[in-house]
Amino acid sequence: MKVISANKIRDTVAKLCVEANLVLREDILRQLKLAYAKEKNKRAKSILEAIIKNAAIAKKEKLAICQDTGMPIVFLEIGQGVTIFGDLKSAVNKGIELGYKRASLRNSVVLDPLTRKASGYSPAVIHTEVVKGNSLKITVLPKGFGCENKSQLKMFKPTAEFSQIKRFIIDAVKQAGPDACPPYFVGVGIGGTADYACLLAKKALLKMIKDKKSKLEKELLTEINKLNIGPMGLGGRTTALAVHVETHPTHIAGLPVAVNISCHASRSATKII
């Protein structure tokens, strides 16, 4: 049995908040550079160059990649062999507060969604999962709301054709247009229930960009990049940098499909303790 203190969790979350907001993931930066090399549209190419330079300046000067430092979302994969000494939820939320203060990151969260009242640092969205092993995996995803507002969910009938599902996903990106700072990362969740499909779509954004893609991911990326939205909506071949799909078994009477879009700065940081 491994014992992990709440204080260690707090400190780890704080560091991850800073890292996620200041340092673009290497796989994302690499994909941006590949897109820049392949892009033929001059305006699109100049935008991609600016995005890459922005990431370099943010890292060097210890500045936020984007002024929208997001709604902090924390994913916890807790090993069955782990005992947490202290209050886990409080540790995570305190870590968010410390990290955001340490790096002078904007607190963009209101305490009450209806009155819009803000009161200090509001609780993060926390997702926990019990897994095998004796370690704790912590991932911090600061989700900007320019792109979060473009999320979509559709409850298809189980008789829906494959082409209908693909069209829904592509149309979700088309409707987002330039508003969510493309080129995009597109997370897709298929199956489960309505709420779980949405969670799968968000978790899909955490997947590392890899060369090997599923047939569906390849087809969706090709079709989305034909939309000619391009970097910041100025046209070009790079509307999306990656499409990731997560699936889960579902009920015989339903077929939930969710789309969660991220801007080009798809920020996340992970640590295993």
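A few notes on this one:
- Checking residue 73 against (1) assigned to a strand (DSSP E or B); (2) free of Cβ contacts under 8 Å to residues at least 12 places away in the same chain, the condition it does not meet: (2)
- Listed by position, the helices (runs of 4 or more DSSP H) contained in the stretch 1-64 that have at least 3 residues being over 28 Å from residue 135 (Cβ atoms) are 26-38, 42-61.
- Scan of the stretch 111-138 for residues that are acidic (Asp, Glu) and modelled with pLDDT under 90, ordered by number: 112
- Count - residues of the stretch 229-273 that are over 23 Å from residue 58 (Cβ atoms) and basic (Lys, Arg): 1
- Helices (runs of 4 or more DSSP H) enclosed by the stretch 83-201 - at least 1 residues per element that are of a type in the set (S, T, N, Q) and in contact with a Ser or Thr (Cβ under 8 Å, 6 or more places away or on another chain): none
- The lone exception for residue 182 - which of (1) modelled with pLDDT of 95 or more; (2) surrounded by fewer than 21 Cβ atoms within 10 Å (Cβ to Cβ); (3) farther than 30 Å from residue 4 by Cβ it fails: (2)
- Single condition residue 266 does not satisfy, out of (1) over 30 Å from residue 8 (Cα atoms); (2) modelled with pLDDT under 95; (3) of a type in the set (Ser, Thr, Tyr); (4) crowded, with 24+ Cβ neighbours inside 10 Å: (1)
- Hits in the stretch 141-179 - residues which are at pLDDT 95 or above, touching a Cys at 6+ places or on another chain (Cβ under 9 Å) and closer than 13 Å to residue 266 by Cβ: 142, 147
- Residues (crowded, with 18+ Cβ neighbours inside 10 Å, among the polar types (S, T, N, Q) and part of a loop (DSSP other than H, G, I, E, B)) located in the stretch 226-263: 238, 239
The values are calculated or read from the model by the stated rules, or taken from the named source; none is laboratory data. As the structure is a prediction and not an experimental result, all values here were calculated from the model. FYI the Cβ positions are ideal-geometry reconstructions off the backbone, even for glycines, and counts take in every protein chain you see.
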